[in-house]
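Colleague: Pasting a structure below so you can have a look.
The values are calculated or read from the model by the stated rules, or taken from the named source; none is laboratory data. Bear in mind the structure is a predicted one, so any value in this text is a computation, not a measurement. Every residue, glycine among them, receives a Cβ derived from its backbone with ideal geometry; neighbour counts consider all protein chains shown. Side chains included, ligands, DNA and RNA excluded: accessible areas come from the protein's heavy atoms. Shrake-Rupley method; radii C 1.70, N 1.55, O 1.52, S 1.80 Å.
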Amino acid sequence: MQSLALFPLQLVVFPGEVLNLHIFEPRYRDLVADVETEGHHFGVPTVMEGRLQPIATEVRLREVANRYPGGESDIRAEGGRIFHIDRFYREYPGKPYPGGEVSYLPVDEDESTQLNEHIVQLTREIYSKLRIEREVRSVADGFRTFDLGHYVGFTLEQEYLFLTLLDAGQRQRYLLEHLLQVRPRVGDPLGIRARAELNGHFQELSPPDF
């Protein structure tokens, strides 16, 4: 087990994802200051219906993009390893923000090229029908299933389940089945366009009161 500062939020962070956040709550301003000073990573666990979920993603701070006179800031962070929370602390030892003891989980990255080609083709087809301009990179350029975690109309519960699928084949089949269900629908009932066209703005999310 390793110790890790935690920033619980009502969202899922996927490996490789760039996360843009507006940091305003004092305890998490302290977390960002500590991470920036000490170079540590931190974890973003998902909160659903007020409950902290045990599987989460480690993130590293890429930059503090904006600083405000009142101490707030805009940060960019990048998702990395997936871990399990073995023990949760409402306050990290000596700190005002949460933390925990975590175990990192092995993620199977050996995704089938053939299945990924099909996934990319289906996603591009859906985007074309919905007039979504978001680019889906090719398999040759390094596409992996986590790239689409936020952009195919998953609910928060589905996104979290997708994160927990550590086996490459399970992850691919789950995503492919979802895309095959989405394709025949008329219109955009899942709000795919709104998610796929997110422009990188800094999200101001209120952390749960743990």
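Colleague: Would you check which residues across segment 1-41 are surrounded by 17 or more Cβ atoms within 10 Å (Cβ to Cβ) and of a type in the set (K, R) and list them?
Modeller: R29
Colleague: Could you tell me how many of the residues in segment 101-148 are open to solvent by 40 Å² or more (accessible area, probe 1.4 Å), more than 16 Å from G16 (Cβ to Cβ) and among the aliphatic types (A, V, I, L, M)?
Modeller: Within segment 101-148, residues that are open to solvent by 40 Å² or more (accessible area, probe 1.4 Å), more than 16 Å from G16 (Cβ to Cβ) and among the aliphatic types (A, V, I, L, M) number 2.
Colleague: Checking E49 against (1) in contact with a strand residue (DSSP E or B) (Cβ under 7 Å, 6 or more places away or on another chain); (2) open to solvent by 40 Å² or more (accessible area, probe 1.4 Å); (3) of a type in the set (D, E): exactly one of these is not met. Which one?
Modeller: Tallying (1) in contact with a strand residue (DSSP E or B) (Cβ under 7 Å, 6 or more places away or on another chain); (2) open to solvent by 40 Å² or more (accessible area, probe 1.4 Å); (3) of a type in the set (D, E), E49 fails exactly one: (1).
Colleague: Next question. Within segment 1-22, track down each residue that is at pLDDT 95 or above and among the β-branched types (V, I, T).
Modeller: V12, V13
Colleague: Which residue out of Y151, Y174 is part of a helix (DSSP H, G or I), among the aromatic types (F, W, Y), open to solvent by less than 70 Å² (accessible area, probe 1.4 Å) and closer than 21 Å to G16 by Cβ?
Modeller: Checking each option against the conditions leaves just Y174.
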